[in-house]
Amino acid sequence: MADCRLYLITPPRIDDVGAFCTRLEEALSADDVACLQIRLKDMEDSALIDLARPIVEIAQAHDVAVLMNDRPDLVETLGADGAHIGQDDMPYAEARKLLGDELIIGVTAHDSRHLAMVAGEAGADYVAFGAFFPTTTKDPKARAHPDILAWWSSLFEVPCVAIGGITTDNCVPLIEAGADFLAVSAGVWNHPDGPAAAVKEFNRLIAQN
């Protein structure tokens, strides 16, 4: 199995894009990050595009794939690398038709083996399980157990993402269970020593396990 990698998610609200871009640059320069999901809700499209453009540029300059949360329709406009969709968002088949075969589409599976298999069989590039821990970033619809990661990784080739309240203090069981990616938001941006230190610590723990 390939090593687990870090998958960053933006804070749910960004008031100062310049300040955030500085922190993002520090985080992405610190150590390995595979992906950045831009997750900004309840914004007008024009404001979201203006906010996302510099974030996309910085991430891609670090060879980090950029995914738009719930907005496959904005991927082309922003030059992003794909989208992440939930069960209540655009259906996978519609998103794939919009984005074509080359761009990334990940799908939320919550704690459901059935939803994960449906997404995997449809062609999703990854399935995301969670929330594994309490989180303040969003109101999770399900709580997942690390066993689902072990089950998935033992049977399927499609990568799995662990999400929900993940920090440097609680991530090891998820790595050990077989998560291909750790999706982290507050665990990086709110780390007491800053996002760069968080990225380094996550990578250290991944390397040890």
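No value in this document is a laboratory result; all are computed from the given coordinates. What you see is a predicted model; the values in this text were computed from it and never measured. Cβ placement follows ideal geometry from the backbone for every residue including glycine, while neighbour counts extend to all protein chains displayed.
If you look for lysine pairs in the range 5-208 that are eight or more places apart or on different chains, how many of them have Cα atoms under 25 Å apart?
The result is 4.
Provide the packing ranking of 13-21, 65-73, i.e. peptides ordered by the mean count of other C-beta atoms within 10 Å per residue, highest first.
Top to bottom by mean Cβ count within 10 Å: 65-73, 13-21.
Give, in nm to one decimal, the length gained when the segment between VAL17 and ASN170 is fully stretched (0.36 nm per residue of separation minus the Cα-Cα distance).
Numbers: separation 153, 0.36 × 153 = 55.08 nm, distance 2.92 nm.
Working it through step by step, the gained length comes to 52.2 nm.
Distance from the Cα centre of the range 150-195 to that of the range 63-94, in angstrom?
20
What does the charge count around ASP32 come to, taking other residues whose C-beta lies under 14 Å from its C-beta (Lys +1, Arg +1, Asp -1, Glu -1)? The partial results should precede the final answer.
Numbers: positive: ARG5, LYS200, ARG204; negative: ASP3, ASP31, ASP63, ASP180, GLU201.
Local charge sum for ASP32: -2.
Quick one: order PHE133, PHE156, PHE202 by neighbouring beta-carbon count within 10 Å, fewest to most.
PHE156, PHE133, PHE202
Of the listed peptides 135-144, 82-91, what is their order by residue-averaged count of other C-beta atoms within 10 Å, with the highest listed first?
Per-residue mean Cβ counts within 10 Å order the peptides as 82-91, 135-144.
Applying the Karplus parametrisation 6.51 cos²θ - 1.76 cosθ + 1.60 with θ = phi - 60° to the phi angles of the range 50-67, what ³J(HN,Hα) value in whole Hz is obtained for each residue in order, glycine and proline being reported as x?
Taking θ as phi minus 60°, the curve returns 4, 6, 6, 3, x, 5, 4, 4, 5, 4, 5, 5, 9, 6, 9, 5, 10, 10 Hz for the range 50-67.
Note down the relative contact order for the range 5-208 as a percent, whole number, built from C-alpha pairs under 8 angstrom at least six residues apart. Can you show the working numbers first?
Working: 399 pairs, mean separation 42.5, N = 204.
Relative contact order here is 21 percent.
Under a point-charge model restricted to the Cβ atoms of Lys and Arg (+1) and Asp and Glu (-1), what is the dipole moment magnitude of the range 5-208 relative to its Cα centre, in debye to the nearest 20? Could the numbers behind the result be given before it?
Details: 15 positive and 32 negative charges, 94 e Å.
In total the dipole reaches around 460 debye.
Before rounding to the nearest 500, sum -39500 (n - 2.57) across all DSSP H runs of length at least 4 in the chain and divide by the residue total; then give [θ] at 222 nm in deg cm²/dmol.
The helix-only estimate for the chain comes to -12000 deg cm²/dmol at 222 nm.
How large is ³J(HN,Hα), in whole Hz, for each residue of the range 41-46 in order, when computed from phi with the Karplus curve 6.51 cos²θ - 1.76 cosθ + 1.60 and θ = phi - 60°, using x for Gly and Pro?
So the J values, rounded to whole Hz, are 9, 6, 10, 5, 4, 5.
Say a paramagnetic label sat at a point 7 Å from the Cα of THR77, along Cα to Cβ; which residues of the range 43-60 have their backbone N under 12 Å from it?
43-53
Going by how many other Cβ atoms sit within 10 Å of their own, how do ARG5, ARG204 line up, fewest first?
Numbers: ARG5 18, ARG204 12.
Fewest to most other Cβ atoms nearby, the residues stand as ARG204, ARG5.
Calculate one ³J(HN,Hα) per residue across the range 118-131 by plugging θ = phi - 60° into the Karplus curve 6.51 cos²θ - 1.76 cosθ + 1.60, and present them in order as whole Hz with x for glycine and proline.
Per residue, the Karplus-derived 3J(HN,Hα) values read 4, 5, x, 5, 6, x, 4, 6, 7, 10, 10, 9, x, 7 Hz.
For the chain, just say rounded, prolate or oblate: build the C-alpha gyration tensor, square-root its eigenvalues into a ≥ b ≥ c, call rounded for a/c under 1.5, and beyond that prolate if a/b exceeds b/c, oblate if not.
oblate
Of the residues HIS114, HIS62, HIS191, which exhibits the maximal mean-square fluctuation in a Gaussian network model of the chain defined by a 10 Å Cα contact cut-off?
Largest GNM mean-square fluctuation: HIS114.
Within a 10 angstrom radius of the beta carbon, how do GLU121, GLU25 rank from fewest other beta carbons to most?
Fewest to most other Cβ atoms nearby, the residues stand as GLU121, GLU25.
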